Amino acid sequence: MADNSPGAWHTNMTNFDLALVRSVYSEACEMARTLGKDNEAWYWRKMLNEWPGFALDKDNALMIAKDLPYSHSHRHFSHLMAIFPLGLLDLQNGNHDKKTIEASLVELEKAGTSAWCGYSYAWLGNLYARAGRGEEAATALRTFTTCFCLPNSFHVNGDQSHTGKSNFTYRPFTLEGNFACASGVQEMLLQSQDGVIRVFPAVPDSWKNIAFRNFNAPGVPFSSQR
């Protein structure tokens, strides 16, 4: 939020960095266990347990860092990496994770969209999909495609509809928004971040006739997907 000022350098561990660290140790542990290297799996799990939990505010929402809540509109949702794409926090893990996911989305909504770019809406679509909120996911992705893309499909960051979806109305072309939008659609159709395949986990009621084929489910052995 502080952009290129000294305030952008945090003295406390950020949830962004912590999510990446915890993901590395979790994946290393899982890889070792899959390879039958139990001693290595134990080591990585021990190292993981030495890291703190995520910084949460009084409402159980993810903060940027300890004592630094997400309170102002910003184009990046890096503090929510533990929800998407890393899946460290997941609805299937129980009520604690569910409360954190829902509270974090509430804080995101309260801060508003004034400083968002198009890819923010695409990212939001993925977050809503992980929360099982298909209607909101579809709305976010629809806003991305209709307000932040040119007729040739190029994502241009700013709100080309000038309907107040963002204060940014410029048009620098970037690719990540399109990729994130495609990811959002896939997250609505298929999820497997906890090793269990879920078909149509976040589909709006208005989608009456849908299908997909040849999707792979990450985290699930390929032989189990046939």
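Would you calculate a helix-derived [θ] at 222 nm for the chain, using -39,500 (n - 2.57) for each DSSP H run of n ≥ 4 and dividing by the full residue count, to the nearest 500? Walk me through the numbers before you get to the answer.
Working: 6 runs with 90 residues, N = 226.
Here the helix-only value at 222 nm equals -13000 deg cm²/dmol.
Hydrodynamic radius of the stretch 1-43 by the Kirkwood approach over all distinct alpha-carbon pairs: 12.4 Å.
Counting only protein heavy atoms and a 1.4 Å probe, tell me what percentage of the stretch 144-214's accessible area is made up of carbon and sulfur. Mind showing how you got there, number by number?
Numbers: 2330 of 4220 Å².
Roughly 55 percent of what the probe reaches on the stretch 144-214 is carbon or sulfur.
Amide H to amide H, with H built 1.01 Å from N, Ala65 comes under 5 Å of Asn15, counting only residues 5 or more places away or on other chains. Modelled spin labels at Asn167 and Arg75, positioned 7 Å past Cα toward Cβ, are 1.3 nm from each other.
At a probe radius of 1.4 angstrom, the accessible area of the chain per residue rounds to 56 square angstrom. For a straight C-alpha distance cut-off of 30 angstrom, the lysines reachable from Lys110 (same-chain residues fewer than eight places away being disregarded) are Lys58, Lys66, Lys98, Lys99, Lys165.
Want the number for Phe179 to Lys99: 0.36 nm per residue separation, take away the alpha-carbon distance, what's left? If you can, show how the numbers build up before the last one.
Working: separation 80, 0.36 × 80 = 28.80 nm, distance 2.83 nm.
Taking 0.36 nm per residue and subtracting the Cα distance, the gain is 26.0 nm.
Converting phi to 3J(HN,Hα) with the Karplus coefficients 6.51, -1.76 and 1.60 and the offset θ = phi - 60°, the stretch 12-24 yields 9, 4, 7, 5, 4, 5, 5, 4, 5, 4, 5, 5, 4 Hz in sequence order, with x at every glycine or proline. A simple rule links phi to the HN-Hα coupling: the Karplus curve 6.51 cos²θ - 1.76 cosθ + 1.60 with θ = phi - 60°, which for the stretch 145-151 gives 6, 8, 10, 10, 10, 7, x Hz, with x for Gly and Pro. Sorted largest first by accessible area at a 1.4 angstrom probe radius, with every protein chain in place, the residues His74, His155, His10, His162 fall in the order His162, His10, His74, His155.
Could you tell me what percent of the accessible area of the stretch 25-99 is made up of carbon and sulfur, with a 1.4 Å probe and every protein chain present? Walk me through the intermediate numbers first.
Values: 2400 of 4520 Å².
Carbon-and-sulfur percentage of accessible area, whole number: 53.
Taking all protein chains together and a probe of 1.4 Å, list Thr100, Thr169, Thr34 from the most accessible to the least accessible. Provide the component values of the computation, followed by the final result.
Working: Thr100 0, Thr169 65, Thr34 105 Å².
Heavy-atom accessible area, descending, gives Thr34, Thr169, Thr100.
To the nearest 10 square angstrom, what accessible area does Ser161 show with a 1.4 Å probe? In the full protein context, Ser161 sits at about 40 Å². For the stretch 146-226, the calculated P(r), taken from all Cα-Cα distances in 10 Å bins from zero up to the bin holding the longest distance, is 16, 33, 28, 19, 4 percent. Apply the Kirkwood formula to the chain: the hydrodynamic radius equals the inverse of the mean of 1/r over all pairs of different alpha-carbon atoms; give it in Å with one decimal. It is 18.8 Å. For the stretch 95-110, putting each phi into the Karplus relation 6.51 cos²θ - 1.76 cosθ + 1.60 with θ = phi - 60° gives couplings of 5, 4, 5, 4, 4, 5, 4, 5, 5, 5, 5, 4, 5, 5, 5, 5 Hz, in residue order, rounded to whole numbers and with x for Gly and Pro.
The values are calculated or read from the model by the stated rules, or taken from the named source; none is laboratory data. These figures come from a predicted structure and were not determined experimentally. A quick note on method: Cβ atoms are made from the backbone with ideal geometry, for glycine too, and the neighbour counts reach across all protein chains shown. All accessible areas refer to the heavy atoms of the entire protein, side chains included, with ligands and DNA or RNA removed. Shrake-Rupley method; radii C 1.70, N 1.55, O 1.52, S 1.80 Å.
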